[in-house]
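What follows is a short report on a single structure.
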Amino acid sequence: MAAPNKALDQLNNLRAEVRSLGNTLGRTIAALEGEKTLETVETLRTLAKSSRAGEAAAARSLAQAVSRLTPAEALNQAMAFTLYFELVNLAEENFRIRLLRERNQKHRNALAAGTPSEPMRESIETAVRELKAAGVPKARIQKLVRQLDIELVFTAHPTESKRRTMLEKLATLGAILRRHTLEEIQHAPDDIKREIVSLWLTDRSRTERPEVADEARTGLWYFDRTLFQLLPRLHEDLQGALDRHYPGVKAPRRWLSFGSWIGGDRDGNPGVTAEVTAQVLRMNRRMAIKKLAETLYNLAGSLTVSDRRAKFAPAIRRMAEQCRDSSELMARVGQRYPREPYRIILSSLREQLMAQAEAGLLDAADPKAGRVTPADVRETLAAIAADLRHGRAAPLAGGELKDTLTAVDVFGLSMARLDLRQHSAWHAKAVAEILGRKDYEQLPEAEKQGLLTGALAGAKELGAEKLTGFSTDARVVLDPLRLAARAQAEYGADALGIYVISMTNEVSDVLEVQLLQALAGVRLPIAPLFETLDDLQRAPAILAALVENPAYAPVLASHGRHQHVMLGYSDSNKDCGYLTANWALYQAQDAIMRVCKQHQLRITLFHGRGGSIARGGGPAAKAILAQPVGLKDGGIRVTEQGEVLSTRYHDVDLAHRVLEQMAYGVLLGANEAQKGARQLPKRWVQAMEEMSAASLAAYRECVHDDPEFLTFWRQATPIDEIGELNFGSRPTYRRKGSVSVADLRAIPWVFSWMQSRFNFPGWYGLGRGLDVILRRGPAGEKLLREMYQRWPFFQTAIANAQLTMCKADMSIAKVYASLVEDEGIRDRVLTRILDEFRLAEKAVLAVTGQGELLENEPVLARSIKLRNPYVDPLNYLQVEMIKRRRGSRLKKADREGIRAVLELTVNGIAGGLKNTG
């Protein structure tokens, strides 16, 4: 009984810490803003709690209390609840961090002592142990890990609402809290009080919309803070687990890495020019060199082995002599440390790297300047490691030197490979101009392919003079490709990743990019992105036709018959709803893998997931294992978007946990995929087809066929307000002036529904879909329960829907619906949404056999219930400010005050609900 008691004690400690931080915040508010402000906070919280308890009058009183606040008073109230959630989230994170450290340390101690120990669930070692227990032979494990290639790709989107200043301040307070005991926190030490005061007095909003370079700096902040030091540790985790369970099996040097879209994603973002891409590539390189230079400096100070105390190979001595003669600085270093060859070599390597840290792609190239490559750095470090291993200093070849070698393999000199992305329509425009065919975009697909095939046959790199003669629209596409060619030449191939084509509809969309690359003199792997329901259904046929097209054969050959295919979770959900999108993605992956097998292609599926359930979010390992078929060749790419970055990668321990769970899922999923796809029972497939069709009909009826639905959405959610806030560099709509669902970016679509507590994209249509089978009576319910219990895909879809439905709140959604001006539209659309929610809830409970949503996840359910009374006042404040903003003409001061409150409530609601982006 000791373990449960200990767990209970830990939870009690967490609650006590939250209470203490809340009390300290209360005293801070009273001291800085006066007792009246704190009393108002308590009034709003109490009314929200009473409303939750079913007191109808409390909800009216809450709305009235909020309506009486001036913008300045409302700002203080919004700040109180927003900062409360920031403190709660820090306390919960620290609770997780302490548990992770304790469990990992216990396991390491047991391993060191040679005693049996169970590793943490969903860890890398657990994956290796499970493979061993399943009888997977050594040869197959070696093949599996040799093919292992996980790449996570950072993207910047409109839901990335945290300023970098706030990331730093919250990280600082988190570290302070970890240094204190619970008893100390309960007595509110001065350092905690100071940080809370500072947070209270710090703006959450930016003064202006961030530029792409600002977003890139924020992305690089995570590499600087956690990832550069963490990834070598994860590589060591895998090799250590293999050494213990499969001696002799070697993991690849780089199986886990990061890419980025920040600065390369042009789809609908006019701020991403070729010049901006050049700037971001330079920033990525500067950060990689800075981190490596710091490491080399520390390493030089560590490897102070003297030639009086150890022997050195002649090659090392010669290298050190050459380094001494390389510059005035190195001559001084050699004079100061004449007997320390390793130190001299590492100092010289650091100097050479720093000399090229500022080299830009738009600067004139210096023909005399030498270029140190990642291979050069690795060769030097490997020579030192080999020399150490042959002498008395052999233990020094591990540790920091080994981690540095891994860092060079993983990050190179570019930190993250930058992808380029553009919408297919821009490529078609450029090709029409290049080919001199104004009618090109209107041609039938077969004629387009014929023209492109002919053009590719004689395509040669165009000179700079020829390129400058094209129109601005054509150069929007061509200039970044020319820059990519120079980046590969100056910075190395690993500076860039792949080229993604948004809204790929036909084979010609890919051949167009192939032609444009040939004319620009660059060759990047091309990834078609399939996003809508129609595109997902046609993806296998498009891919088959592409690989059978002789014009594309050189591309496949140049990449070793390795093809990237990207799947869009966000736009597919927006297009056809939660259940249909999930099923379409499942079927598309299955069919794509059959095409690849038939044509002997090596495939990497690129999953365009977001943080919310509606955009493919949720536990990574479960999502991967729900459909492992795409992992047959061991590779996977996944986007990491929006608020996901600031919740997963700001802390080393939390980031380690996220990444080891990803690795766990991929290792087990790749093994499943290589065993061959399991045949699903026909009754399951038929049931899914029926449910998908019914769900799609319900979704289309509501979203696409009702001309007044968009009016409801724009008025019942803060979408217009979000579009005006300084969150991200990308516009809310792909095309300027458009307000259509088709042109709306999926991220603000989901974000606006989450803010207003409808959570519409994460469940709508599910009820109608499940109900089709449940209407069969006991046989239908039995079938769905069988699918839920035995099919990971269906189980995950239902579990994720439960989570998003629990975070939804129809009573708060009704408050937002009151913003809709036309009573007829409001009542009709709201009634439809409420009816579908009730149907979905009833159906989910029937399938799972639960009495209430998340009954099988009591800790999570309780956490949501505890947070609600603190989220509700933020929702009421947001609704009130929206009313005022949309009302009569406002004075400039009031307009700015309302805007500040709105931005703060968006931050607070996102922090309270989590994974909203």
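The values are calculated or read from the model by the stated rules, or taken from the named source; none is laboratory data. Model, not experiment: these values are computed from the prediction. In this analysis, Cβ positions are derived from the backbone assuming ideal geometry, glycine residues included, and neighbour counts consider all displayed protein chains. SASA here: full protein model, heavy atoms, side chains in, ligands and nucleic acids out. Shrake-Rupley method; radii C 1.70, N 1.55, O 1.52, S 1.80 Å.
Summing Cβ point charges (Lys, Arg +1; Asp, Glu -1) relative to the Cα centre of the stretch 33-124 gives a dipole of roughly 380 debye.
With a threshold of 30 Å on the Cα-Cα distance, the over-threshold entries among Lys138/Lys682; Lys143/Lys311; Lys682/Lys842 are Lys138/Lys682; Lys143/Lys311.
Considering only alpha-carbon pairs that sit under 8 angstrom and 6 or more positions apart, the relative contact order computed for the stretch 417-608 is 22 percent.
In this structure, the amide hydrogen of Asp265, modeled 1.01 Å from its nitrogen in the peptide plane, lies closer than 5 angstrom to those of Arg421, counting only residues at least 5 positions away or on a different chain.
The residues of the chain have, on average, 41 Å² of accessible surface per residue, using a 1.4 Å probe with all protein chains present. Grouping the Cα pair distances of the stretch 281-411 into 5 Å bins from zero gives a pair-distance distribution of 2, 10, 21, 23, 19, 13, 7, 3, 1, 0 percent in increasing distance order. Protection proxy ranking of 484-497, 890-903, by the mean of other Cβ atoms within 10 Å over each peptide's residues and highest first, is 484-497, 890-903.
Given the pairs Lys250/Lys675; Lys169/Lys622; Lys892/Lys914, which span a C-alpha to C-alpha distance of over 25 angstrom in this model? Listed pairs above 25 Å: Lys169/Lys622; Lys892/Lys914.
Per-residue packing, averaged as other Cβ atoms within 10 Å, sorts the ranges 127-139, 518-530, 348-360 into the order 518-530, 348-360, 127-139, beginning with the highest. Looking at the P(r) of the stretch 417-608, how many percent of alpha-carbon pairs lie beyond 24 Å? Taking all Cα-Cα pairs of the stretch 417-608, the fraction more than 24 Å apart is 39 percent.
The dipole here belongs to the chain: it is taken about the Cα centre, uses +1 on the Cβ of Lys and Arg and -1 on the Cβ of Asp and Glu, and is about 2140 debye. Ordering Ala331, Phe794, Pro374 by the projection of their Cα atoms onto the charge dipole of the chain, which places +1 on the Cβ of Lys and Arg and -1 on the Cβ of Asp and Glu, puts Ala331 at the extreme positive end. Among the trypsin sites (Lys or Arg not before Pro) within the stretch 228-321, those in coil by DSSP and having at most 13 neighbouring Cβ atoms inside 10 Å are Lys250, Arg253, Arg308, Arg309, Lys311.
Count Lys and Arg as plus one, Asp and Glu as minus one, and take only other residues whose Cβ is under 10 Å from that of Thr532; the net charge is then -3. Sorting the segments 45-55, 847-857, 868-878 by their residues' average number of neighbouring beta-carbon atoms within 10 angstrom, most packed first, yields 868-878, 45-55, 847-857. Distances between placed amide hydrogens fall under 5 Å for Gly497 paired with Leu418, Asp419, Leu420, all partners being 5 or more residues away or on another chain. Both the radius of gyration and Dmax for the stretch 682-856 are 17.3, 53 Å, in that order, over alpha-carbon atoms.
Computed over protein heavy atoms with a 1.4 Å probe, the carbon and sulfur contribution to the accessible area of the chain reaches 50%.
For the stretch 281-411, the Cβ-based charge dipole about the Cα centre amounts to some 380 debye (Lys, Arg positive; Asp, Glu negative; other atoms uncharged). Taking N as the residue count of the chain, its C-alpha radius of gyration divided by 2.2 N^0.38 Å amounts to 0.98.
Full extension of the chain between Gln322 and Arg96 gives 76.3 nm of extra length, using 0.36 nm per residue less the Cα-Cα distance. With contacts taken as Cα pairs under 8 Å at a separation of at least 6 residues, the stretch 66-215 carries a relative contact order of 27 percent. Adding -39500 (n - 2.57) for every DSSP H run of four residues or longer, then dividing by how many residues the chain holds, sets the calculated 222 nm ellipticity at -21000 deg cm²/dmol. Note on the stretch 849-892: Rg/Rh from C-alpha atoms, Kirkwood Rh, equals 1.33. Distance from the C-alpha centroid of the stretch 253-295 to that of the stretch 498-522: 21 Å, rounded to the whole angstrom. Structural descriptor for the chain: relative contact order 17 percent, calculated from alpha carbon pairs under 8 angstrom and at least 6 residues apart.
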